[in-house]
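The values are calculated or read from the model by the stated rules, or taken from the named source; none is laboratory data. Quantities reported herein were computed from a predicted structural model and do not represent experimental measurements. With ideal geometry, Cβ positions are generated from the backbone for all residues, glycine too; neighbour counts draw on all protein chains shown.
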């Protein structure tokens, strides 16, 4: 820990600045070219849930669908290895009940003891509405954070914190676009949680930077920022590690229901911890932040006596 408290964080700011620019540009390119693999919540389609007294081997179940009209279905465990959900993308004339029964009949060839639990259908119109409402919720959350930051920090640190917020969300979405992981409502929930987590981390660092500028006698802005980061780095690491441990527990032991949520949040926590130092502080220094930005103006009292 002593080595960390002596580390020159801002000495690497140009290197990590280039890394961040490359990551953001790559993420935006992936979002524009490959796009997101939207899940059933947003695209519509049929969902079939089955259960069995013993663990279901997904590879065996998939073999039963090869060559059928549903060979492109997505099979996943749900809750436990004995439960499975099958998702079918929307198709012309798709009838949820018929598709569900046909799918179940095919699956029974590989899993004779399987039992049908439910069949659901999300129409394309409902999927479009969910997608639009989810995007609106994300924009509202971002807008609310922007207003909060503006009133909390009206200087260069505020602009930097906003940039860090967009940096984190963009990179997480870029990773999902790269690997074509399914994006459903749980991923949206993770992004909303990430927005709150990221901005909280950035504000803690920004507060320390502001207070250090006001109280220090150091003249070099980079060294002032280094001093502020060294004061808060222990808290930042401890908070991030403890949060990440909980999220990783969900990732490995929470089942398929929270897999996408924990995956998106795990990536976001790592990126958010990094950005609170190398985006917030780096960008503020690039905008020539110095002690004068934090001087509180003194209002002189006017003597109204004759």
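Within the set 39, 35, 44, the sole residue that is at pLDDT below 90 and either on the phi > 0 side of the Ramachandran plot or loosely packed, with under 13 Cβ neighbours inside 10 Å (or both) turns out to be 44. Going by the conditions given, is residue 242 assigned to a helix (DSSP H, G or I), at pLDDT 90 or above and under 21 Å from the mean Cα position of the chain (by Cα)? Criteria met by residue 242.
Within the range 197-215, the set of residues being over 14 Å from residue 152 (Cβ atoms), touching a residue at least 40 places away in the same chain (Cβ under 8 Å) and surrounded by fewer than 22 Cβ atoms within 10 Å (Cβ to Cβ) comprises 197, 214. Of all the listed residues (203, 195), the sole one being more than 15 Å from the chain's Cα centre (by Cα) and either part of a helix (DSSP H, G or I) or under 25 Å from residue 246 (Cβ atoms) (or both) is 203.
Residue pairs whose Cβ atoms lie under 6 Å apart, separated by 6 or more positions or on different chains, with the first residue in the range 36-63 and under 30 Å from residue 133 (Cβ atoms) and the second surrounded by fewer than 14 Cβ atoms within 10 Å (Cβ to Cβ) and modelled with pLDDT under 85, are 44/123; 44/124.
Every residue, every condition in (1) at pLDDT below 90; (2) in a helix (DSSP H, G or I); (3) more than 29 Å from residue 171 (Cβ to Cβ), yes or no:
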residue: 24; (1), (2), (3): no, yes, no
residue: 68; (1), (2), (3): yes, no, yes
residue: 72; (1), (2), (3): yes, no, yes
residue: 77; (1), (2), (3): yes, no, no
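Note on the range 104-131: residues that are in a helix (DSSP H, G or I) and modelled with pLDDT under 80 amount to 8.
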